[in-house]
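Where a number appears in this text, it was derived from the coordinates with a stated rule and is not lab data. Computed from a predicted structure; not experimentally measured. Methodologically, a virtual Cβ is constructed for each residue, glycine included, from the backbone with ideal geometry; neighbour enumeration extends over all protein chains shown.
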Amino acid sequence: MGRKDERRKITHERWQLLRHLVILSSCHRIKPALTLLLALALSGCMLVSGELSSADTPAQGGNVSTSFVSAEGAETRVLATGEAGELDVITIVSADQGTLTVELLDPAGSVIYAVSSRPSEPVTKTGRVPTDANGQLRYRVSATTARNGSFQILYQRAS
């Protein structure tokens, strides 16, 4: 089973859990506890259909490119860049409908910068982003009823 298939299986399992929680909350009077569980179940959950991704990560720079038919939710992802340090990053997002946002994160998970789509118009943003000690670049993808979307993250070692 590939990594993408594993992610889809986990996402499907989360949605099944969510479905059961909603059914339970309508049948019992334990809504505050179930609301909390529901929020935890949905954190980091993203449903994507028709996703195509490619990555090229040579030593001094690289990119990841992803397109999809539809997406909903949020997910934090990691891109292995090879070594720790600061990167000059260009992020490009677009979606024909809905909203697509990509947030570049520091090693602690704080947002360095975010870029959000405009309907049928690509949006580009650049910035300097640190990797963690293992050279991993962290980013969060969030989508709200996004259709026919894509994002690219291009990076090179900061000089």
**Message:** At 1.306 mPa s and 10 °C, plugging the Kirkwood radius over alpha-carbon pairs of the stretch 66-146 into Stokes-Einstein gives what diffusion coefficient in µm²/s?
**Reply:** 122
**Prompt:** If you stretched the chain out fully between residue 133 and residue 147, how much longer would it get, using 0.36 nm times the residue separation minus the C-alpha to C-alpha distance?
**Reply:** 1.5 nm
**Asked** Among residues other than residue 65 whose Cβ falls under 12 Å from its Cβ, what is the net charge (Lys/Arg +1, Asp/Glu -1)?
**Response** -2
**Request:** Starting from the Cα-Cα distance between residue 69 and residue 121, subtract it from 0.36 nm times their residue separation and give me the gain in nm to one decimal.
**Result:** 17.1 nm
**Fill in**
Residue by residue through the stretch 110-115, the couplings from Karplus 6.51 cos²θ - 1.76 cosθ + 1.60 with θ = phi - 60°, in Hz, x for Gly and Pro, are 7, 6, 7, 7, 10, 9
**Fill in**
Magnitude of the Cβ-charge dipole (Lys and Arg +1, Asp and Glu -1) of the stretch 47-157 about the Cα centre, nearest 20 debye, reported as 140
**Asked** Listed highest first by mean packing, meaning other Cβ atoms within 10 Å per residue, what order do 46-59, 67-80, 121-134 come in?
**Response** 67-80, 121-134, 46-59
